[in-house]
Amino acid sequence: MALLTCDNLAIGYEAKTIISNLSFTVERGDFLCIAGENGSGKSTLMKTILGLMTPLSGQIIFADGLKNHEIGYLPQQTAVQKDFPASVYEVVLSGCLGYSGLRPFYRNEEKNLAKDNMERLGISALRRCSYRELSGGQQQRVLLARALCAARTLLLLDEPAAGLDTAAAAVMYEHIKQLNSDGLTIIMISHDVEKAAEYASHILSLGTGKGLFFGTVAAYLQAERTIEGIRHE
Amino acid sequence: MSEVFSQISFYLEFPFVRYALIVGVLIALCSSLLGVTLVLRRYSFIGTGLSNVAFGSTAIAAALTLTNNIILVLPVTVACALFLLRTGASVKVKGDAALAMIAAGSMAIGYLVMNVYSTSANLAGDVCTILFGATSILTLTMTNVRVSIALSVIVVAIFLFFYHKIFAVTFDEDFAAATGVRAKSYNMLLAVVTAVVIVLAMDLVGALLISALVIFPPMAAMSVFRSFRAVMICAVTVSVICAALGILVSIVAGTPVGSTIVAVNIGSFILFSLTGLVVRRLR
(Lines give C-alpha, C1' and ligand atoms only; values in the text may rest on other atoms or scores of the structure.)
Protein backbone atom coordinates (compact mmCIF):
# COMPACT_ATOMS: atom_id res chain seq x y z
CA MET A 1 0.00 0.00 0.00
CA ALA A 2 1.22 3.48 -0.84
CA LEU A 3 2.46 5.61 2.06
CA LEU A 4 0.15 8.45 1.06
CA THR A 5 -2.81 8.38 -1.31
CA CYS A 6 -4.72 11.49 -2.32
CA ASP A 7 -7.97 10.44 -3.91
CA ASN A 8 -10.02 12.92 -5.95
CA LEU A 9 -9.05 15.71 -3.61
CA ALA A 10 -10.45 19.23 -3.68
CA ILE A 11 -8.68 21.82 -1.55
CA GLY A 12 -9.04 25.50 -0.78
CA TYR A 13 -10.91 27.79 1.58
CA GLU A 14 -14.64 27.78 2.30
CA ALA A 15 -15.62 30.08 -0.53
CA LYS A 16 -12.85 29.29 -2.96
CA THR A 17 -11.71 25.99 -4.40
CA ILE A 18 -8.08 26.19 -5.48
CA ILE A 19 -7.53 22.69 -6.83
CA SER A 20 -10.04 19.95 -7.56
CA ASN A 21 -9.90 16.38 -8.90
CA LEU A 22 -6.40 15.86 -7.58
CA SER A 23 -5.24 12.26 -7.28
CA PHE A 24 -1.73 11.01 -6.68
CA THR A 25 0.20 8.52 -4.57
CA VAL A 26 3.50 8.63 -2.73
CA GLU A 27 5.39 5.38 -2.11
CA ARG A 28 7.92 4.78 0.64
CA GLY A 29 11.30 6.25 -0.34
CA ASP A 30 9.88 8.58 -3.00
CA PHE A 31 11.02 12.16 -3.40
CA LEU A 32 8.04 14.12 -4.68
CA CYS A 33 8.45 17.69 -5.78
CA ILE A 34 5.32 19.86 -5.90
CA ALA A 35 5.80 22.64 -8.42
CA GLY A 36 3.63 25.49 -9.59
CA GLU A 37 3.33 29.24 -9.71
CA ASN A 38 2.40 31.44 -6.76
CA GLY A 39 -1.22 30.94 -5.83
CA SER A 40 -1.47 27.54 -7.50
CA GLY A 41 -2.18 25.92 -4.13
CA LYS A 42 1.16 24.31 -3.25
CA SER A 43 1.20 25.39 0.38
CA THR A 44 -2.54 24.78 0.74
CA LEU A 45 -2.03 21.21 -0.49
CA MET A 46 0.78 20.68 1.99
CA LYS A 47 -1.27 22.07 4.88
CA THR A 48 -4.14 19.80 3.89
CA ILE A 49 -1.86 16.75 3.85
CA LEU A 50 -0.61 17.76 7.32
CA GLY A 51 -4.16 18.03 8.62
CA LEU A 52 -3.89 21.76 9.31
CA MET A 53 -6.73 22.31 6.83
CA THR A 54 -9.61 20.01 5.99
CA PRO A 55 -10.10 18.94 2.38
CA LEU A 56 -13.25 20.30 0.70
CA SER A 57 -13.92 16.87 -0.74
CA GLY A 58 -12.04 13.67 -1.50
CA GLN A 59 -9.72 11.75 0.77
CA ILE A 60 -6.17 11.64 2.03
CA ILE A 61 -5.25 8.11 3.05
CA PHE A 62 -2.09 7.31 4.97
CA ALA A 63 -0.61 3.81 5.04
CA ASP A 64 -1.50 1.87 8.17
CA GLY A 65 0.45 2.92 11.17
CA LEU A 66 1.64 6.28 9.85
CA LYS A 67 0.75 8.66 12.62
CA ASN A 68 0.89 12.42 12.85
CA HIS A 69 3.98 12.30 15.01
CA GLU A 70 5.99 10.41 12.38
CA ILE A 71 5.72 13.32 10.00
CA GLY A 72 8.23 16.15 9.95
CA TYR A 73 7.45 19.55 8.51
CA LEU A 74 9.63 22.45 7.42
CA PRO A 75 7.27 25.41 7.12
CA GLN A 76 8.10 28.75 5.59
CA GLN A 77 9.48 31.14 8.15
CA THR A 78 6.98 33.39 9.86
CA ALA A 79 7.45 37.00 10.92
CA VAL A 80 7.19 35.95 14.58
CA GLN A 81 10.33 33.82 14.31
CA LYS A 82 12.57 36.57 12.91
CA ASP A 83 13.30 38.08 16.34
CA PHE A 84 12.38 35.16 18.59
CA PRO A 85 14.69 34.72 21.59
CA ALA A 86 15.33 30.97 21.50
CA SER A 87 18.54 28.98 21.44
CA VAL A 88 19.17 26.62 18.52
CA TYR A 89 18.96 23.65 20.88
CA GLU A 90 15.57 24.76 22.22
CA VAL A 91 14.18 25.04 18.69
CA VAL A 92 15.54 21.68 17.49
CA LEU A 93 14.40 19.90 20.65
CA SER A 94 10.84 21.16 20.16
CA GLY A 95 10.66 18.83 17.15
CA CYS A 96 10.48 15.92 19.61
CA LEU A 97 7.31 17.18 21.32
CA GLY A 98 4.95 15.17 19.12
CA TYR A 99 5.60 11.92 20.92
CA SER A 100 5.73 13.26 24.45
CA GLY A 101 1.95 13.41 25.03
CA LEU A 102 1.29 15.10 28.34
CA ARG A 103 4.77 14.41 29.71
CA PRO A 104 6.16 17.78 30.86
CA PHE A 105 9.86 17.07 30.21
CA TYR A 106 12.09 15.59 27.49
CA ARG A 107 13.53 12.10 27.82
CA ASN A 108 17.24 11.48 27.31
CA GLU A 109 16.66 9.69 24.01
CA GLU A 110 14.81 12.76 22.73
CA LYS A 111 17.68 15.02 23.74
CA ASN A 112 20.09 12.65 21.99
CA LEU A 113 17.91 12.64 18.88
CA ALA A 114 18.06 16.44 18.80
CA LYS A 115 21.85 16.37 19.23
CA ASP A 116 22.24 13.74 16.49
CA ASN A 117 20.18 15.77 14.07
CA MET A 118 22.16 18.93 14.79
CA GLU A 119 25.33 16.91 14.11
CA ARG A 120 23.83 15.58 10.87
CA LEU A 121 23.21 19.09 9.56
CA GLY A 122 26.46 20.57 10.83
CA ILE A 123 24.94 22.99 13.33
CA SER A 124 26.19 21.45 16.60
CA ALA A 125 28.57 24.39 17.09
CA LEU A 126 25.61 26.78 17.01
CA ARG A 127 23.83 24.92 19.82
CA ARG A 128 23.81 27.81 22.26
CA CYS A 129 23.43 30.57 19.69
CA SER A 130 20.22 32.51 19.50
CA TYR A 131 18.01 31.64 16.54
CA ARG A 132 17.42 35.29 15.67
CA GLU A 133 21.16 35.95 15.24
CA LEU A 134 21.74 33.24 12.61
CA SER A 135 22.00 33.69 8.85
CA GLY A 136 19.08 32.63 6.66
CA GLY A 137 20.82 29.39 5.63
CA GLN A 138 21.63 28.50 9.22
CA GLN A 139 18.05 29.21 10.31
CA GLN A 140 16.72 26.89 7.59
CA ARG A 141 19.09 24.14 8.73
CA VAL A 142 17.92 24.60 12.33
CA LEU A 143 14.31 24.24 11.20
CA LEU A 144 15.27 21.19 9.12
CA ALA A 145 16.94 19.62 12.15
CA ARG A 146 13.74 20.26 14.11
CA ALA A 147 11.68 18.68 11.33
CA LEU A 148 14.00 15.64 11.38
CA CYS A 149 13.34 15.12 15.08
CA ALA A 150 9.69 14.68 14.18
CA ALA A 151 10.14 12.84 10.87
CA ARG A 152 10.39 9.11 11.30
CA THR A 153 8.87 8.25 7.94
CA LEU A 154 7.77 11.29 5.99
CA LEU A 155 9.24 14.77 5.65
CA LEU A 156 7.34 17.69 4.12
CA LEU A 157 9.29 20.76 3.05
CA ASP A 158 7.73 24.06 2.04
CA GLU A 159 10.23 25.94 -0.17
CA PRO A 160 13.32 24.93 1.83
CA ALA A 161 15.55 27.20 -0.27
CA ALA A 162 13.32 30.29 -0.14
CA GLY A 163 15.34 33.41 0.54
CA LEU A 164 18.70 31.59 0.43
CA ASP A 165 21.59 32.50 -1.86
CA THR A 166 22.75 29.96 -4.45
CA ALA A 167 25.47 28.47 -2.25
CA ALA A 168 23.23 28.08 0.82
CA ALA A 169 20.45 26.65 -1.36
CA ALA A 170 22.85 24.07 -2.82
CA VAL A 171 23.89 22.99 0.70
CA MET A 172 20.23 22.70 1.67
CA TYR A 173 19.36 20.57 -1.39
CA GLU A 174 22.37 18.29 -0.77
CA HIS A 175 21.21 17.70 2.80
CA ILE A 176 17.69 16.88 1.60
CA LYS A 177 19.00 14.53 -1.10
CA GLN A 178 21.11 12.75 1.53
CA LEU A 179 18.08 12.37 3.81
CA ASN A 180 16.14 10.80 0.94
CA SER A 181 19.00 8.36 0.26
CA ASP A 182 18.93 7.47 3.96
CA GLY A 183 15.37 6.22 3.47
CA LEU A 184 13.16 9.16 4.36
CA THR A 185 10.18 9.80 2.09
CA ILE A 186 10.15 13.44 1.03
CA ILE A 187 7.51 15.80 -0.32
CA MET A 188 8.96 19.17 -1.22
CA ILE A 189 7.45 22.36 -2.59
CA SER A 190 9.61 24.30 -5.00
CA HIS A 191 8.94 26.83 -7.69
CA ASP A 192 12.25 25.97 -9.33
CA VAL A 193 11.34 22.81 -11.26
CA GLU A 194 14.64 22.69 -13.16
CA LYS A 195 16.57 22.48 -9.89
CA ALA A 196 14.11 20.09 -8.28
CA ALA A 197 14.29 17.71 -11.25
CA GLU A 198 17.93 17.02 -10.36
CA TYR A 199 16.93 15.65 -6.96
CA ALA A 200 13.33 14.46 -7.07
CA SER A 201 11.97 11.12 -8.23
CA HIS A 202 8.43 12.36 -8.96
CA ILE A 203 6.89 15.67 -9.91
CA LEU A 204 3.42 17.01 -9.22
CA SER A 205 2.93 20.17 -11.24
CA LEU A 206 0.02 22.41 -10.29
CA GLY A 207 0.76 24.96 -13.01
CA THR A 208 -2.47 26.70 -13.89
CA GLY A 209 -1.55 27.15 -17.55
CA LYS A 210 -0.46 23.61 -18.36
CA GLY A 211 -2.95 21.82 -16.14
CA LEU A 212 -2.09 19.15 -13.62
CA PHE A 213 0.77 16.76 -14.12
CA PHE A 214 1.81 13.89 -11.90
CA GLY A 215 4.49 11.35 -12.74
CA THR A 216 8.16 10.51 -12.58
CA VAL A 217 10.79 13.12 -13.35
CA ALA A 218 11.64 11.28 -16.59
CA ALA A 219 8.01 11.39 -17.73
CA TYR A 220 7.81 15.07 -16.78
CA LEU A 221 10.89 15.98 -18.80
CA GLN A 222 9.52 13.91 -21.71
CA ALA A 223 6.22 15.81 -21.58
CA GLU A 224 8.05 19.13 -21.39
CA ARG A 225 10.07 18.22 -24.49
CA THR A 226 6.91 17.25 -26.36
CA ILE A 227 5.26 20.58 -25.52
CA GLU A 228 8.42 22.43 -26.55
CA GLY A 229 8.44 20.43 -29.81
CA ILE A 230 4.84 21.35 -30.61
CA ARG A 231 5.62 25.02 -29.94
CA HIS A 232 8.56 24.94 -32.34
CA GLU A 233 6.57 23.46 -35.21
CA MET B 1 18.90 55.46 54.23
CA SER B 2 18.30 53.74 57.56
CA GLU B 3 15.42 56.15 58.04
CA VAL B 4 13.75 54.80 54.92
CA PHE B 5 14.19 51.24 56.15
CA SER B 6 12.75 51.98 59.55
CA GLN B 7 9.84 53.70 57.84
CA ILE B 8 9.29 50.63 55.64
CA SER B 9 9.43 48.25 58.59
CA PHE B 10 6.97 50.52 60.39
CA TYR B 11 4.54 50.29 57.47
CA LEU B 12 5.02 46.54 57.21
CA GLU B 13 3.44 46.21 60.65
CA PHE B 14 0.09 46.98 59.02
CA PRO B 15 -1.62 43.92 57.55
CA PHE B 16 -3.00 45.87 54.57
CA VAL B 17 0.54 46.78 53.50
CA ARG B 18 1.63 43.16 53.72
CA TYR B 19 -1.44 42.08 51.75
CA ALA B 20 -0.71 44.67 49.06
CA LEU B 21 2.87 43.46 48.80
CA ILE B 22 1.92 39.79 48.51
CA VAL B 23 -0.85 40.35 45.98
CA GLY B 24 1.20 42.84 43.95
CA VAL B 25 4.17 40.51 43.65
CA LEU B 26 1.97 37.52 42.72
CA ILE B 27 0.06 39.44 40.03
CA ALA B 28 3.37 40.71 38.63
CA LEU B 29 4.62 37.11 38.53
CA CYS B 30 1.58 35.84 36.61
CA SER B 31 1.42 38.71 34.14
CA SER B 32 5.10 38.50 33.23
CA LEU B 33 4.86 34.74 32.62
CA LEU B 34 1.98 35.34 30.23
CA GLY B 35 3.61 38.49 28.88
CA VAL B 36 6.52 36.66 27.27
CA THR B 37 4.31 34.51 25.05
CA LEU B 38 1.86 37.36 24.36
CA VAL B 39 4.57 39.78 23.28
CA LEU B 40 6.28 37.15 21.12
CA ARG B 41 3.01 36.30 19.39
CA ARG B 42 2.40 39.98 18.63
CA TYR B 43 -0.40 40.35 21.18
CA SER B 44 1.25 43.07 23.26
CA PHE B 45 -1.97 45.05 23.18
CA ILE B 46 -4.14 42.31 24.61
CA GLY B 47 -3.62 43.62 28.14
CA THR B 48 -5.14 46.95 27.16
CA GLY B 49 -7.88 45.36 25.07
CA LEU B 50 -9.04 42.84 27.65
CA SER B 51 -8.88 45.33 30.50
CA ASN B 52 -11.14 47.62 28.49
CA VAL B 53 -13.52 44.71 28.10
CA ALA B 54 -13.35 44.15 31.83
CA PHE B 55 -14.03 47.86 32.35
CA GLY B 56 -17.10 47.72 30.10
CA SER B 57 -18.49 44.64 31.75
CA THR B 58 -17.78 46.02 35.23
CA ALA B 59 -19.92 49.03 34.34
CA ILE B 60 -22.71 46.78 33.11
CA ALA B 61 -22.46 44.65 36.25
CA ALA B 62 -22.76 47.81 38.35
CA ALA B 63 -25.81 48.94 36.36
CA LEU B 64 -27.41 45.54 36.91
CA THR B 65 -26.57 45.98 40.62
CA LEU B 66 -24.89 42.58 40.83
CA THR B 67 -23.47 41.97 44.28
CA ASN B 68 -20.46 40.13 42.91
CA ASN B 69 -19.55 41.57 39.53
CA ILE B 70 -16.94 38.85 38.87
CA ILE B 71 -19.70 36.48 37.71
CA LEU B 72 -20.36 38.75 34.75
CA VAL B 73 -16.91 40.27 34.14
CA LEU B 74 -14.97 37.02 34.06
CA PRO B 75 -17.08 35.08 31.50
CA VAL B 76 -17.30 38.12 29.19
CA THR B 77 -13.55 38.73 29.31
CA VAL B 78 -12.73 35.04 28.81
CA ALA B 79 -15.04 34.94 25.78
CA CYS B 80 -13.30 37.98 24.29
CA ALA B 81 -9.86 36.49 24.96
CA LEU B 82 -10.85 33.27 23.19
CA PHE B 83 -12.17 35.31 20.28
CA LEU B 84 -9.02 37.43 20.01
CA LEU B 85 -6.44 34.69 20.46
CA ARG B 86 -8.08 32.19 18.13
CA THR B 87 -5.94 31.27 15.13
CA GLY B 88 -6.32 29.39 11.93
CA ALA B 89 -7.42 29.71 8.36
CA SER B 90 -10.99 30.75 9.12
CA VAL B 91 -10.02 34.00 10.87
CA LYS B 92 -11.82 36.81 9.05
CA VAL B 93 -10.97 39.91 11.07
CA LYS B 94 -7.23 40.15 11.69
CA GLY B 95 -5.92 40.23 15.27
CA ASP B 96 -5.02 43.90 15.62
CA ALA B 97 -8.22 45.18 14.02
CA ALA B 98 -10.40 42.91 16.16
CA LEU B 99 -8.50 44.00 19.26
CA ALA B 100 -8.85 47.70 18.45
CA MET B 101 -12.59 47.33 17.79
CA ILE B 102 -13.22 45.45 21.01
CA ALA B 103 -11.06 47.79 23.10
CA ALA B 104 -12.62 50.99 21.80
CA GLY B 105 -16.13 49.55 21.73
CA SER B 106 -16.21 48.20 25.26
CA MET B 107 -14.68 51.40 26.64
CA ALA B 108 -17.44 53.47 25.06
CA ILE B 109 -20.25 51.12 26.04
CA GLY B 110 -18.88 50.94 29.57
CA TYR B 111 -18.82 54.69 30.04
CA LEU B 112 -22.22 55.05 28.38
CA VAL B 113 -23.81 52.52 30.73
CA MET B 114 -22.13 54.09 33.75
CA ASN B 115 -23.38 57.52 32.78
CA VAL B 116 -26.97 56.48 32.19
CA TYR B 117 -27.46 54.08 35.10
CA SER B 118 -24.99 55.30 37.68
CA THR B 119 -26.31 55.67 41.22
CA SER B 120 -23.04 57.10 42.48
CA ALA B 121 -22.54 60.80 43.09
CA ASN B 122 -18.92 60.71 41.99
CA LEU B 123 -18.93 59.25 38.48
CA ALA B 124 -15.55 60.62 37.42
CA GLY B 125 -14.04 59.19 40.60
CA ASP B 126 -15.52 55.75 39.90
CA VAL B 127 -14.15 55.71 36.36
CA CYS B 128 -10.76 56.82 37.58
CA THR B 129 -10.70 54.05 40.18
CA ILE B 130 -11.47 51.38 37.63
CA LEU B 131 -8.92 52.72 35.15
CA PHE B 132 -6.04 53.45 37.46
CA GLY B 133 -6.66 51.09 40.35
CA ALA B 134 -6.47 54.13 42.68
CA THR B 135 -6.06 52.87 46.22
CA SER B 136 -7.87 49.56 45.99
CA ILE B 137 -4.62 47.63 46.45
CA LEU B 138 -4.39 49.11 49.95
CA THR B 139 -7.90 47.95 50.83
CA LEU B 140 -7.37 44.27 50.06
CA THR B 141 -8.85 41.66 52.35
CA MET B 142 -7.58 38.24 53.34
CA THR B 143 -9.94 36.78 50.73
CA ASN B 144 -8.23 38.76 47.95
CA VAL B 145 -4.90 37.48 49.16
CA ARG B 146 -6.12 33.86 49.12
CA VAL B 147 -7.58 34.28 45.63
CA SER B 148 -4.35 35.66 44.23
CA ILE B 149 -2.27 32.96 45.90
CA ALA B 150 -4.51 30.28 44.38
CA LEU B 151 -4.38 32.01 41.00
CA SER B 152 -0.61 32.24 40.89
CA VAL B 153 -0.17 28.66 42.03
CA ILE B 154 -2.39 27.58 39.11
CA VAL B 155 -0.63 29.83 36.58
CA VAL B 156 2.86 28.78 37.68
CA ALA B 157 1.82 25.11 37.67
CA ILE B 158 0.47 25.45 34.12
CA PHE B 159 3.70 27.07 32.94
CA LEU B 160 5.89 24.47 34.65
CA PHE B 161 3.85 21.55 33.37
CA PHE B 162 3.29 22.78 29.82
CA TYR B 163 6.49 24.81 29.43
CA HIS B 164 7.77 22.97 26.33
CA LYS B 165 4.36 22.96 24.68
CA ILE B 166 3.91 26.67 25.31
CA PHE B 167 7.31 27.28 23.75
CA ALA B 168 6.46 25.17 20.70
CA VAL B 169 3.04 26.79 20.19
CA THR B 170 4.53 30.27 20.57
CA PHE B 171 7.45 29.65 18.24
CA ASP B 172 5.59 27.86 15.48
CA GLU B 173 1.98 26.86 15.91
CA ASP B 174 1.63 25.19 12.50
CA PHE B 175 4.63 22.95 13.07
CA ALA B 176 3.42 22.00 16.53
CA ALA B 177 -0.05 21.13 15.23
CA ALA B 178 1.36 19.23 12.23
CA THR B 179 3.55 17.03 14.42
CA GLY B 180 0.81 16.00 16.79
CA VAL B 181 0.83 18.65 19.53
CA ARG B 182 -2.67 19.79 20.45
CA ALA B 183 -1.87 23.39 19.57
CA LYS B 184 -5.48 24.61 19.57
CA SER B 185 -6.06 23.37 23.12
CA TYR B 186 -2.91 25.03 24.44
CA ASN B 187 -3.93 28.26 22.72
CA MET B 188 -7.31 28.16 24.41
CA LEU B 189 -5.70 27.40 27.75
CA LEU B 190 -3.43 30.44 27.39
CA ALA B 191 -6.36 32.64 26.34
CA VAL B 192 -8.42 31.64 29.38
CA VAL B 193 -5.52 32.10 31.79
CA THR B 194 -4.74 35.51 30.25
CA ALA B 195 -8.32 36.68 30.74
CA VAL B 196 -8.48 35.44 34.33
CA VAL B 197 -5.18 37.09 35.25
CA ILE B 198 -6.24 40.39 33.69
CA VAL B 199 -9.62 40.48 35.41
CA LEU B 200 -8.06 39.79 38.79
CA ALA B 201 -5.11 42.11 38.15
CA MET B 202 -7.47 44.99 37.40
CA ASP B 203 -8.06 45.25 41.15
CA LEU B 204 -4.37 45.86 41.62
CA VAL B 205 -3.11 48.28 39.01
CA GLY B 206 -6.34 49.22 37.27
CA ALA B 207 -7.41 48.61 33.71
CA LEU B 208 -5.07 50.99 31.89
CA LEU B 209 -1.85 49.90 33.54
CA ILE B 210 -2.14 46.14 33.11
CA SER B 211 -0.64 46.38 29.66
CA ALA B 212 2.54 47.75 31.20
CA LEU B 213 2.86 44.71 33.50
CA VAL B 214 2.46 42.42 30.49
CA ILE B 215 4.92 44.17 28.20
CA PHE B 216 7.77 45.79 30.15
CA PRO B 217 9.36 42.80 31.94
CA PRO B 218 9.41 40.59 28.78
CA MET B 219 10.82 43.44 26.68
CA ALA B 220 13.50 44.11 29.29
CA ALA B 221 14.42 40.42 29.41
CA MET B 222 14.48 40.05 25.62
CA SER B 223 16.89 42.91 25.14
CA VAL B 224 19.56 41.05 27.10
CA PHE B 225 18.86 37.32 27.03
CA ARG B 226 18.85 35.11 23.96
CA SER B 227 17.21 31.83 24.92
CA PHE B 228 13.54 31.32 25.72
CA ARG B 229 14.22 29.87 29.14
CA ALA B 230 16.52 32.72 30.17
CA VAL B 231 13.99 35.29 28.93
CA MET B 232 11.21 33.63 30.94
CA ILE B 233 13.22 33.47 34.16
CA CYS B 234 14.54 37.02 33.76
CA ALA B 235 11.10 38.48 32.95
CA VAL B 236 9.58 36.93 36.07
CA THR B 237 12.44 38.10 38.27
CA VAL B 238 12.36 41.65 36.89
CA SER B 239 8.60 41.85 37.23
CA VAL B 240 8.55 40.62 40.82
CA ILE B 241 11.35 42.95 41.91
CA CYS B 242 9.76 45.94 40.15
CA ALA B 243 6.38 45.27 41.74
CA ALA B 244 7.81 44.97 45.24
CA LEU B 245 9.99 48.04 44.76
CA GLY B 246 7.11 50.03 43.26
CA ILE B 247 4.77 49.25 46.14
CA LEU B 248 7.39 50.16 48.76
CA VAL B 249 8.25 53.41 46.99
CA SER B 250 4.60 54.36 46.65
CA ILE B 251 4.02 53.76 50.36
CA VAL B 252 7.02 55.76 51.45
CA ALA B 253 6.59 58.56 48.91
CA GLY B 254 2.79 58.57 48.98
CA THR B 255 2.46 58.13 45.21
CA PRO B 256 -0.29 56.13 43.42
CA VAL B 257 0.60 52.42 43.57
CA GLY B 258 -0.18 51.37 39.98
CA SER B 259 1.66 54.13 38.21
CA THR B 260 4.64 53.84 40.56
CA ILE B 261 5.01 50.15 39.71
CA VAL B 262 4.89 51.00 36.02
CA ALA B 263 7.44 53.79 36.45
CA VAL B 264 9.83 51.33 38.11
CA ASN B 265 9.20 48.92 35.22
CA ILE B 266 10.06 51.63 32.69
CA GLY B 267 13.27 52.29 34.60
CA SER B 268 14.23 48.63 34.53
CA PHE B 269 13.46 48.43 30.81
CA ILE B 270 15.80 51.33 30.06
CA LEU B 271 18.48 49.76 32.25
CA PHE B 272 18.20 46.41 30.46
CA SER B 273 18.17 47.98 27.00
CA LEU B 274 21.41 49.81 27.77
CA THR B 275 22.93 46.61 29.16
CA GLY B 276 21.87 44.79 26.00
CA LEU B 277 23.54 47.41 23.83
CA VAL B 278 26.79 47.19 25.79
CA VAL B 279 26.77 43.38 25.76
CA ARG B 280 26.29 43.30 21.98
CA ARG B 281 29.11 45.79 21.48
CA LEU B 282 31.48 43.71 23.57
CA ARG B 283 30.67 40.47 21.76
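Selection of first residues in the stretch A:68-89 that are facing another protein chain (nearest Cβ under 7 Å) and of second residues that are among the β-branched types (Val, Ile, Thr) and outside any loop (DSSP other than H, G, I, E, B), restricted to Cβ pairs under 6 Å at least 6 apart or on distinct chains, gives the following pairs, ordered by first then second residue: A:Pro85/B:Val231. Is it the case that B:Ser32 is polar (S, T, N, Q), crowded, with 24+ Cβ neighbours inside 10 Å and under 16 Å from the mean Cα position of the chain (by Cα)? Here the answer is yes, as B:Ser32 does meet what is asked.
In the stretch A:162-177, which residues are surrounded by 15 or more Cβ atoms within 10 Å (Cβ to Cβ), over 21 Å from A:Gly36 (Cα atoms) and under 15 Å from the mean Cα position of the chain (by Cα)? Passing the criteria: only A:His175. Residues that are modelled with pLDDT of 80 or more and of a type in the set (A, V, I, L, M) were ranked within the stretch A:206-233; the one that is nearest to A:Ser23 (Cα to Cα) is A:Leu212.
Looking at A:Pro85, A:Pro75, A:Pro104, just one residue is surrounded by 14 or more Cβ atoms within 10 Å (Cβ to Cβ) and more than 21 Å from A:Leu50 (Cα to Cα), and that residue is A:Pro85. When the criteria are applied in full, A:Gly36 fails the requirement of being under 28 Å from B:Leu38 (Cα atoms), buried (at least 17 other Cβ atoms within 10 Å of the Cβ) and either more than 9 Å from chain B (Cβ to nearest Cβ) or small (Gly, Ala, Ser) (or both). Residue check: is A:Arg152 charged (D, E, K, R), in contact with an Asp or Glu (Cβ under 9 Å, 6 or more places away or on another chain) and more than 23 Å from B:Thr37 (Cβ to Cβ)? Yes: the conditions hold for A:Arg152.
Taking the criterion of being buried (at least 24 other Cβ atoms within 10 Å of the Cβ), within 11 Å of chain A (Cβ to nearest Cβ) and either of a type in the set (Ser, Thr, Tyr) or in contact (Cβ under 8 Å) with a residue 60 or more places away in the chain (or both), the only residue of the stretch B:172-200 that qualifies is B:Thr179.
For the condition among the β-branched types (Val, Ile, Thr) and farther than 24 Å from B:Lys165 by Cβ, A:Val142 does not qualify.
Provide a single number: the residues in the stretch A:8-29 that are on the phi > 0 side of the Ramachandran plot, part of a strand (DSSP E or B) and touching a Ser or Thr at 6+ places or on another chain (Cβ under 7 Å).
Total satisfying the criteria: 2.
Among what's in the stretch A:12-26 and is more than 19 Å from the chain's Cα centre (by Cα) and among the polar types (S, T, N, Q), pick the residue that is farthest from the other protein chains (Cβ to nearest Cβ). Checking each candidate, the answer is A:Asn21. Each residue in the stretch A:129-161 was checked for being away from chain B (no Cβ under 14 Å), over 12 Å from the mean Cα position of the chain (by Cα) and not in a helix (DSSP H, G or I), and 1 pass.
The values are calculated or read from the model by the stated rules, or taken from the named source; none is laboratory data. Computed from a predicted structure; not experimentally measured. We place every Cβ from the backbone using ideal geometry, glycine too, and count neighbours over all the protein chains shown.
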